[in-house]
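> Here it is, the structure in full.
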Amino acid sequence: MEFAVIAPLFFLLVFGMIEFGRMVMVQQIITNASREGARMAVLDGSTTADVEATIQAYLGGSTVNGAAVVVEPDPPSSATYGAPVTVTVSVPFADVSWLPAPWFLAENTLTATTVMRRETVQ
């Protein structure tokens, strides 16, 4: 009888911890992916396609699919010396949840932005 009363609450708590842990993990992964993309974007001759390929390769190793990438300015090589280049990676949490129907965080979109200064010859 006690188990029947406590089990739903226990499972809700366990699934909530799994869901929240996955969210924190994916947030860290896309933060690192945006850093890798920004490192590529500030180099001479880099293109938006190079940045997106770098980010998708990083995310592919982490089984995070469906991420949107925004690079500003586009193309990043159009930025002048020392100008900021911004790389933003975002993914809806519903696309990366381990649960078949994410209850707790399904409405959230995880976003990471990195800004680096353009490295080029003056």
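> With (1) loosely packed, with under 11 Cβ neighbours inside 10 Å; (2) of a type in the set (A, V, I, L, M, F, W, C); (3) touching an Asp or Glu at 6+ places or on another chain (Cβ under 6 Å) as the list, and Met40 as the residue in question, which single condition is left unmet?
(1)
> Here's something else I'd like to know. Only one of (1) assigned to a helix (DSSP H, G or I); (2) hydroxyl-bearing (Ser, Thr, Tyr); (3) touching a Ser or Thr at 6+ places or on another chain (Cβ under 8 Å) fails for Thr54. Which number is that?
(3)
> The conditions are (1) buried (at least 17 other Cβ atoms within 10 Å of the Cβ); (2) closer than 30 Å to Leu13 by Cβ; (3) of a type outside the set (D, E, K, R), and Ser34 fails exactly one of them. Which is it?
Unmet for Ser34, out of (1) buried (at least 17 other Cβ atoms within 10 Å of the Cβ); (2) closer than 30 Å to Leu13 by Cβ; (3) of a type outside the set (D, E, K, R): (2).
> With in contact with a strand residue (DSSP E or B) (Cβ under 7 Å, 6 or more places away or on another chain), in a loop (DSSP other than H, G, I, E, B) and surrounded by 14 or more Cβ atoms within 10 Å (Cβ to Cβ) as the only criterion, which of Val26, Val64 stands out?
Only one candidate passes the filter, namely Val64.
> Just to verify a result, which residue in segment 67-102, among those that are assigned to a loop (DSSP other than H, G, I, E, B) and within 28 Å of Met17 (Cα to Cα), is modelled with the highest pLDDT?
Among residues in segment 67-102 that are assigned to a loop (DSSP other than H, G, I, E, B) and within 28 Å of Met17 (Cα to Cα), the one modelled with the highest pLDDT is Ala67.
> When segment 44-61 is examined, which residues are found to be of a type in the set (A, V, I, L, M) and surrounded by fewer than 16 Cβ atoms within 10 Å (Cβ to Cβ)?
Hits for segment 44-61 are Ala49, Ala53, Ala57.
The values are calculated or read from the model by the stated rules, or taken from the named source; none is laboratory data. These figures come from a predicted structure and were not determined experimentally. Cβ coordinates were reconstructed from backbone atoms using ideal geometry, including for glycine residues, and neighbour counts include every protein chain displayed.
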